[in-house]
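Structure first, then comments.
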Amino acid sequence: MSRRNAADVCRVIFTGCIAALAGLIASLPALARTLEVGPKAPYHQPSAAIAAASPGDTIEIAPGTYFDCAVLSASRLTVIGKGAGVVLTDKTCEGKAIFVARGNEITIENITFARARVPDQNGAGIRVEGRDLTVVNCRFIDNEDGILAGDATGSRIVIRDSEFLDNGKCASECAHGIYVGHIALLHIENSRFSRTKEGHHVKSRALRTELVNDTITDGPEGTSSYLVDISNGGSLVMENNVLEKGPMSSNWSAAIVIGAEGVTQPT
């Protein structure tokens, strides 16, 4: 082989390697970032950081009261309140919720959601429109719905160490402490529900609903209907819970109801 031919072969091999390397780099996921929110942080409002986030990023929110709402469009987001007293209140997005969780595999931790109000009187602290939400150590206070999720086949909603206080409303339709549509799993653990108004503390159409180590009570002022409504059947697991209807309950017929709206989920 001549020197010229050898050089041409090397050049082809080198060019091919560069192209292959460039393709490999392009296929790798972007490095996850941490976006900070607070008076002295790069982002002053949670919505600004969430709008700038890419899949896999983490948003850290400093303590404070934020009159703000956000649509979480990117998937695999983690939104964390850093320290006590991270409150989002009195503002909703798209006429739906304080947080509209549109992406998949979102985690929300250590945040209080308060006073969500919308024109159709079904405003939520968190409205779930994607698949797979995890909520840890959050508080939902005086919202029309605490958490509201529609139908999403295969979706899993997991709630741990959280509190739902003074949520619920019955106007044209009823709102609840938690309402989920036809999803795969609703798991609620080590959480507390109290003083729900008119609606149910937990209303689930999930294929499987798990309530573990929870306290679900009306208290002296709560006017809830059922404590737990498993509207369309499915599997219900309840372990080590405290359940108590109060004197102001709007429905004394039962504490737990299964299949009251027709059994569409297999047991």
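Observations
- Sum of side-chain charges, ASN251 neighbourhood, beta-carbon under 12 Å (Lys, Arg +1; Asp, Glu -1): -2
- Difference of contour (0.36 nm per residue) and Cα-Cα distance, GLU173 to GLU105: 21.6 nm
- The GluC sites (Glu not before Pro) of region 161-267 that meet both conditions, a loop assignment by DSSP and at most 11 other Cβ atoms within 10 Å of the site Cβ, are GLU173.
- In sequence order, calculated HN-Hα J values of region 141-149 (Karplus, 6.51, -1.76, 1.60; Hz; x Gly/Pro): 10, 6, 9, 5, 10, x, 10, 10, 9
- If you plug the beta carbon distance of GLU221 and ALA51 into 1/(1 + (r/R0)^6) with R0 = 41 Å, you get a FRET efficiency near 0.60.
- Cα gyration tensor shape for region 168-267, rounded if a/c is under 1.5, else prolate or oblate: oblate
- Modelled FRET efficiency - R0 22 Å, VAL263 with VAL237, Cβ distances, 0.05 increments: 0.80
- Separation of the THR65 and ASP120 label points, Cα + 7 Å toward Cβ, nm: 3.0
- Remark: region 90-139 carries a charge dipole of roughly 180 debye about the Cα centre, counting +1 on each Lys and Arg Cβ and -1 on each Asp and Glu Cβ.
- J(HN,Hα) series, region 199-215, from Karplus relation 6.51 cos²θ - 1.76 cosθ + 1.60, nearest Hz, glycine and proline x: x, 8, 5, 10, 10, 9, 10, 5, 4, 9, 10, 10, 10, 10, 6, 9, 10
- Checking [x] 21.4, 72; [y] 23.4, 98; [z] 17.2, 51 against the coordinates, the calculated Rg and Dmax of the Cα atoms in Å falls under label [y].
- Only Lys, Arg, Asp and Glu carry charge here, each on its Cβ (+1 for the first two, -1 for the last two); on that basis the chain has a dipole of about 1120 debye about its Cα centre.
- Whether region 164-220 is rounded, prolate or oblate, judged on the alpha carbon gyration tensor where a/c under 1.5 counts as rounded: oblate
- LYS91 paired with ALA32, simple spin-label distance in nm, labels 7 Å along Cα-to-beta-carbon: 2.7
- Theoretical ellipticity at 222 nm over the chain - DSSP helices of four or more residues, -39500 (n - 2.57) apiece, nearest 500: -4000 deg cm²/dmol
- Grouping the Cα pair distances of region 132-199 into 10 Å bins from zero gives a pair-distance distribution of 23, 51, 26, 0 percent in increasing distance order.
- Loop-exposed chymotrypsin sites (Phe, Trp or Tyr not before Pro) per DSSP, neighbour cap 16 Cβ within 10 angstrom, longest uninterrupted part of the chain: 68-251
Taken together, the values in this text are just the output of simple stated rules run on the coordinates, not laboratory data. Everything quoted here is computed from the prediction, not taken from an experiment. Reconstructed Cβ throughout: ideal geometry from the backbone, glycine too, with neighbour counts over all protein chains shown.
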